[in-house]
Amino acid sequence: MAPAPLRSDQVDHVLTLTLDRPDALNALDAGLKAALLAALKTAARDRSVRAVVLTGAGRAFCAGQDLRETGLTGAAIGREVRERYNPLILALARLEKPVLAAVNGVAAGAGLSLALACDIRMAADTATFSCAFGRVGLVPDSGLSWFLPRLVGLGRALEMALTTEMLDAATAARIGLVGRVVPAADLASEAAALAGRLAAGAPLAMGLTKRALLGAQSLDLEAALEVEAQLQTAAGRSPDHAEGIAAFTEKRPARFGEG
Ligand code: T3D
């Protein structure tokens, strides 16, 4: 039996999903894409999961599409993007729980897109980043054209996409591609610690916060203000808001997600 291409490990409220095809630098073949989508759908339904970490096994985060997978040419590539990659990116962006990419090594092509679709990126100081699509005569996909300019600005995004140059972690942090860089040996523990803090947050507010910020990218100011008012109405009614106020008044840490 072929080994599972994705590992799922849950500790308390933190689910860690590990892309696990290290011999192919965790390249995305049909099996890995299907397993990742299924895991994200399960995580969306599972109330015990309150934060997700996405990382890679071995020396890579993800080298993008598995270039050895046969049959992916012409119209089949467009189909693959629509039917397999786009649902994955939407599942990450629409998951109403914080998702942390722990980028442990190279993130290239659609592997970079996966990291960009996560909410927070923490990188090992040895990680590298490339919009590798152009190297194989393809264009950025899997949400890269949407996320990358929003993170680093249009000029940097065009530079990365057109040159396909490999950036190191320090450069990625300087231009805003990743939020945090940590020593490689500490990545797993630092990611677990940050994910633990995220998982201790108010679950409804976390999900609505994500919805507000991503949704506002395609709204004008007036519409965004109205969405904020609607989401705040929902958050304001939640037991977590009452708990947050009680904890503040009683000068104690809040215990969210118990109501
Ligand atoms: O097609 C569609 O469906 C459309 C969607 C496209 C989305 C995309 O992601 S297009 C971009 C695809 N990705 C790439 O072009 C990156 C290809 N890989 C590389 O350029 C290099 O491997 C890296 C720069 C990422 C790392 O280089 P290096 O020197 O550290 O490692 P390596 O020796 O090249 O690779 C190690 C092994 O991983 C090697 O296997 P081997 O020879 O030891 O058996 C290599 O073939 C394999 N590998 C690396 N990337 C992929 C891969 N195998 C399959 N697919 C890969 N993408």
Treating each Cα of region 85-166 as an identical point scatterer and ignoring solvent, apply the Debye formula and state log10 I(q)/I(0) at q = 0.11, 0.12, 0.25 Å⁻¹.
-0.26, -0.31, -1.31
Radius ratio Rg over Rh of region 158-259, counting only Cα atoms, Kirkwood formula for Rh
1.10
E69-A2 pseudo-label distance in nm [points 7 Å out on the Cα-to-Cβ vector]
1.0 nm
If you roll a 1.4 Å probe over the chain with all protein chains in place, what percent of the accessible area is carbon or sulfur?
58 percent
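Could you work out the mean projected area of the convex hull around the alpha carbons of the chain, in square nanometres to one decimal?
15.3 nm²
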Interatomic Cα distance distribution for region 1-100, bins of 10 angstrom, percent:
15, 46, 32, 7, 0
What is the packing order of peptides 116-122, 144-150, taking the mean over residues of other C-beta atoms within 10 Å and listing the highest first?
116-122, 144-150
Under a Gaussian network model of the chain whose springs join Cα atoms within less than 10 Å, the largest fluctuation of E226, E190, E80 belongs to E226
Got a number for the accessible area of K41? Probe 1.4 Å, square angstrom, nearest 10.
110 Å²
Per residue Cα convex hull volume for region 153-200, in cubic angstrom?
93 Å³
Taking 2.2 N^0.38 Å as the expected size of a compact globular protein, what ratio does the Cα radius of gyration of region 1-53 give against it, to two decimals?
1.16
Using a 1.4 Å probe, what is the accessible area per residue for the chain, in Å²?
51 Å²
Which residues does the label zone of I245 cover in region 204-235, counting backbone N under 19 Å from a point 7 Å along Cα→Cβ?
204-206, 229-235
So what's the back-of-envelope 222 nm ellipticity for the chain, counting only DSSP H runs of four-plus at -39500 (n - 2.57) apiece and dividing by all residues, rounded to 500?
-13500 deg cm²/dmol
Over all directions, average the projected area of the Cα convex hull of region 112-222 and note it in nm².
8.1 nm²
Have a look at T42, L28, A57 and report the one farthest towards the positive end of the charge dipole of region 21-72, computed about the Cα centre with Cβ charges (Lys/Arg +1, Asp/Glu -1).
T42
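The values are calculated or read from the model by the stated rules, or taken from the named source; none is laboratory data. This is a predicted model, so every value here is computed, not measured. Cβ coordinates were reconstructed from backbone atoms using ideal geometry, including for glycine residues, and neighbour counts include every protein chain displayed. Note: accessible area is taken over every heavy atom of the protein model, side chains too, but ligands, DNA and RNA are not part of it. Shrake-Rupley method; radii C 1.70, N 1.55, O 1.52, S 1.80 Å.
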